[in-house]
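What follows is a single structure, written as structure tokens, with notes after it.
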Amino acid sequence: MGTLYLVATPIGNLEDITLRALRVLRECDAVATEDTRSTGRLLAHFGIRKPLISYFEHNKLKRLDQLLETLRLGSVALVSEAGTPVLSDPGYELVCAALEHDIAVVPIPGPSSLVAALSVSGLPTDRFLFVGFLSRRAAERRQQLVELADERATLIMFEAPHRLLATLTDLVATFGGERRCAVCRELTKLHEEVWRGTLAGACAEWKAREPRGEFTLVVAGAAPRERWSRDEVCIALAELLAGGMSHSEAARQVAQRSGWSKSTVYALRSPRE
């Protein structure tokens, strides 16, 4: 059996590639890549010639058998268009298939835009949640943000330039304009920029100028809130139930507002219980 290497590649500056990544790319039998053109240019820059296997979102399942057969005979390096494979990029299914066939999976760590953005954001790094790309559909995106509004961890998300302003607008509407954030643009590239301020300020900034490049947003987690007393929880729950709301939905809403767990709220029915 061969080895599946998950090789991180530069997100912009080619000097960020590691010596180990270069060695693995030189020694592997094939390179599975999200974008054969960009990977071809990367390999050519370092004088490496390897067979390239196209592996992207819309063919990833069809390529599994071919890649597993290659892995039975030798090693494969999986790379994304840029950064660390599998993170908001194809690769999860291949990793799972390799593990099911007892094929070794080895990480070759290196560049990652989410870690780079978090490290320079000026926001807490002890606990964070990576949410990838939010939905392209406005209603679904807003619902995702509603579910994240009370998250205490620092949030990291990717966004395309043509959706940046819409996402910032939804963030202000859901989280409030005073929540701190960092808008990281074109990290490690020539026009790298890190804008720091509030969500309201970020929204105003990108209303005034056209968003260009690749964006990573880092948003502060929700501030701690006072936990409700038992009587307050019971009264709020009873009011929602009296209004005809289902027990499950009422418990969910009260839990979001009170700081109690949904299961604990669900066990209550009225102030007298």
For Ala242, the lone unmet condition from (1) of a type in the set (A, V, I, L, M); (2) surrounded by 15 or more Cβ atoms within 10 Å (Cβ to Cβ); (3) outside the structural domain of Ala160 (by TED's automatic domain parsing) is (2)
Which residue, of Leu71, Leu6, is surrounded by 20 or more Cβ atoms within 10 Å (Cβ to Cβ) and more than 27 Å from Glu186 (Cβ to Cβ)? Leu71
Give segment 108-141 a look and list any residue that's more than 19 Å from Cys184 (Cβ to Cβ), buried (at least 17 other Cβ atoms within 10 Å of the Cβ) and out of contact with any Phe, Trp or Tyr (no Cβ under 9 Å at 6 or more places or on another chain), or say none. Arg141
Just give me the residues in segment 113-145 being part of a helix (DSSP H, G or I) and over 24 Å from Thr9 (Cα atoms), in sequence order. Ala138, Ala139, Glu140, Arg141, Arg142, Gln143, Gln144, Leu145
Hand me the list of helices (runs of 4 or more DSSP H) wholly inside segment 146-248 holding 1 or more residues that are acidic (Asp, Glu) and closer than 27 Å to Gly259 by Cα. 164-175, 230-242
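Results for (1) within 26 Å of the chain's Cα centre (by Cα); (2) outside any loop (DSSP other than H, G, I, E, B); (3) not assigned by TED's automatic domain parsing to the domain that holds Leu190, shown as yes or no for each residue.
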| site | (1), (2), (3) |
| --- | --- |
| Ala21 | yes, yes, yes |
| Thr39 | yes, yes, yes |
| Lys50 | no, no, yes |
| Ile53 | yes, yes, yes |
| Phe56 | yes, no, yes |
| Asn59 | yes, no, yes |
| Leu68 | no, yes, yes |
| Leu71 | no, yes, yes |
| Ala77 | yes, yes, yes |
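The values are calculated or read from the model by the stated rules, or taken from the named source; none is laboratory data. Bear in mind the structure is a predicted one, so any value in this text is a computation, not a measurement. Glycine gets a Cβ as well: all are built from the backbone with ideal geometry, and neighbour counts include every protein chain shown.
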